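Read through the structure below, which is laid out as structure tokens, and then see the notes.
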């Protein structure tokens with residue numbers, strides 16, 4: 001997605017700034033509209049809410065759900081919670097990072113995949129769990145992960 005104009009960002013801020021605790025709804029609104037919270041949004045949000053840029057940036061950087069760069073076409077989330085760790089998510093994570101050539105919170109050079117940690121997908125009985133876009137997969141092995149990526153890319157097994 002392309003960065004929205006300052007006017008687009010300002011209109012999102014103005015529409016939501018009267019909400020209690022408006023900062024989070026505003027940041028979610030910007031990310032929903034643009035796919036991420038661009039650095040250009042920080043001073044606009046800060047000014048409209050009478051906050052410092054550091055305060056707004058601190059919230060964006062603290063919460064893992066906010067992105068400061070566009071995500072890839074597909075977002076891959078690997079559960080890092082205890083149940084998944086006990087069932088192999090550490091090894092799966094290592095494999096995924098090597099396979100995609102990225103670390104957590106990064107996007108592949110071709111902008112197809114972004115890799116994110118998540119701390120529970122509610123699929124503990126089928127650990128380790130992975131979510132690709134909105135679809136959850138259970139009992140994911142490195143081989144299964146490879147097949148999931150091929151399916152997402154529309155490639156035969």
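None of the figures in this text is laboratory data; all of them are computed from the coordinates on show. The model shown is predicted, which means the values in this text are computed figures rather than measured ones.
Counting only DSSP H runs of at least 4 residues, each contributing -39500 (n - 2.57), and dividing by the residue count of the chain, the helix-based mean residue ellipticity at 222 nm comes to -13000 deg cm²/dmol. Averaging the Cα positions of each part gives two centres, and for the stretch 1-77 and the stretch 84-128 these lie 25 Å apart. Answer rounded, prolate or oblate for the stretch 6-62, using the Cα gyration tensor with square roots of eigenvalues a ≥ b ≥ c: rounded when a/c is under 1.5, else prolate when a/b is larger than b/c, else oblate. Rounded, since a/c falls under 1.5. Could you grab the relative contact order for the stretch 74-152? Cα pairs under 8 Å, six or more apart, rounded to a whole percent. It comes to 37 percent, rounded to a whole number.
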